[in-house]
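Input: a single structure, listed below in structure tokens.
The values are calculated or read from the model by the stated rules, or taken from the named source; none is laboratory data. This structure is a prediction, so every number in the text was calculated from the model and none was measured. Please note: Cβ atoms are built from the backbone with ideal geometry, for glycine as well, and neighbour counts cover all protein chains shown. For accessibility, only protein heavy atoms count, side chains too; no ligands or nucleic acids. Shrake-Rupley method; radii C 1.70, N 1.55, O 1.52, S 1.80 Å.
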Amino acid sequence: GACLFEQKASDATVTSDKDDTTRGFTSAVVLPLDQGLLCVTSDEQFLFYSPIQSPENTFELKLRKRLVGNNEEIIDMKFLGDEEQFLAVATNVEQVRLWDQESHCCIGVGIGHLGAVGAVAFSKKKRNFIVSGSSDRTLKVWSLDGLMVDSNLPINLKSKAVMAAHEKEILSVAVAPNDSYVCSGSEDRTACVWKLPDLVSIVVLRGHKKGIWSVEFSPVDQCVITASGDKTIKLWAISDGSCLKTFEGHTSSVSRASFISRGTQFVSCGADCLVKLWVVKTNECIATYDQHEHK
């Protein structure tokens, strides 16, 4: 009946300072075959401990592995890194998580948004930052400096810039190929182009009649393409915010538009269950793919 070991400090993270029920362990079980102890925390983490006995016959529990899960809805995610070894994830909680592909471990967490994170985009040239957009109507630029892939614990990502960008929820973000600009699309029916890294406003794109679900920079021209709930796709000039072209053909909300063929074509998909292939120069839809049953 003697106590062999007492853990003096908990490895469980504190998720709230308002309620003691939201912290600490909720369950613990001894693993078979002397594999140690598995503890479950209230914020959905699995902690694996190995009991170690010292020459003085004292015990200690060494944290061997931490599995950080996510039980909320994943809204957007993007790969980054020279070999796409990292994965940035936006969920409907107030944080951004960065995962390492090889180890399947969370290596960075960005905390600071006051609402659900609805979109993420990453640096394409220097690969040293992430941009996130949230229902709190703000854009944040997160630095990736100091990341260590072999670290046991995720580091807190530092916010380099923050901007109250829109009047309603931000639905989509995209970074330009040269890392000079970021574009945000919102439920307020506008898209905005911002200068990086300080998020200085360049131009506001006005013309859609409903929220903008997707934004993307052309890989070759100084323009942006947007897809909206008003069933249209629009091509905009970054220089003055003018609408260069409007593409009509979807019979329901357009959820995504993405350039292909070096910017000469793009594909779109929508709530009408259709995928369409367009030619930018002629405004023509040259193919419609009708194989999906849901949006």
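When the Karplus curve 6.51 cos²θ - 1.76 cosθ + 1.60 is applied with θ = phi - 60°, which whole-Hz ³J(HN,Hα) does each residue of segment 210-222 get, with x for Gly and Pro?
For segment 210-222, the Karplus curve yields 9, x, 9, 8, 8, 9, 7, 7, 5, x, 10, 10, 7 Hz.
Output wanted: per-residue J couplings in Hz (rounded whole) for segment 104-118, from phi through Karplus 6.51 cos²θ - 1.76 cosθ + 1.60, θ = phi - 60°, x for Gly and Pro.
6, 9, 7, 10, x, 10, x, 10, x, 5, 9, x, 4, 8, x
Cut-off 18 Å, label point 7 angstrom out along Cα-to-Cβ of VAL220: give me the residues of segment 159-189 whose amide nitrogen falls inside.
So the set is 177-178.
Amide H of SER255: which non-local residues (sequence gap of 5 or more, or other chain) have their own amide H closer than 5 Å, using H built in the peptide plane?
CYS269, GLY270, ALA271
Once you keep just the Cα pairs under 8 angstrom separated by 6 or more residues, what percentage relative contact order results for the chain?
7 percent
Between VAL279 and GLU6, how many nm apart are label points set 7 Å from Cα along the C-beta direction?
7.9 nm
So, with a 1.4 angstrom probe, what is the percent of accessible area on the chain that is carbon and sulfur?
In the chain, the share of accessible area belonging to carbon and sulfur is 50 percent.
Just list whichever of LYS168/LYS234; LYS125/LYS195; LYS62/LYS158 have alpha carbons separated by over 18 Å in the model shown.
LYS168/LYS234; LYS62/LYS158
Once the convex hull of the alpha carbons of the chain is built, what does its volume come to per residue, in cubic angstrom?
Convex hull of Cα atoms, per residue: 173 Å³.
Test of the criteria: in segment 207-268, which trypsin sites (Lys or Arg not before Pro) are in a DSSP loop and have at most 14 other Cβ atoms within 10 angstrom of their Cβ?
LYS209, LYS210
Using a 1.4 angstrom probe, figure out how much accessible area the chain has per residue, in square angstrom, rounded to the nearest whole.
55 Å²
Does segment 24-69 come out rounded, prolate or oblate, given a ≥ b ≥ c as the square roots of the eigenvalues of its C-alpha gyration tensor, rounded meaning a/c under 1.5 and, failing that, prolate meaning a/b above b/c?
Since a/c reaches 1.5 and a/b is larger than b/c, the shape of segment 24-69 is classed as prolate.
Inverting the mean 1/r over all pairs of different Cα atoms, compute the Kirkwood radius of segment 39-198 and quote it in Å.
16.8 Å is the Kirkwood radius here.
For segment 90-174, state what percent of all Cα-Cα pairs lands in each successive 10 Å bin, counting from 0 Å until the bin that includes the largest distance.
Computed distribution, short to long bins: 19, 51, 25, 4, 0.
Sum up the charges of everything whose Cβ sits under 13 Å from the Cβ of ALA88, counting Lys and Arg as +1 and Asp and Glu as -1, but leave ALA88 out.
Result for the local shell: +2.
Loop sites only, by DSSP: take the GluC sites (Glu not before Pro) in the chain that have at most 10 other C-beta atoms within 10 Å and name the longest stretch containing none of them.
The reported range is 103-292.
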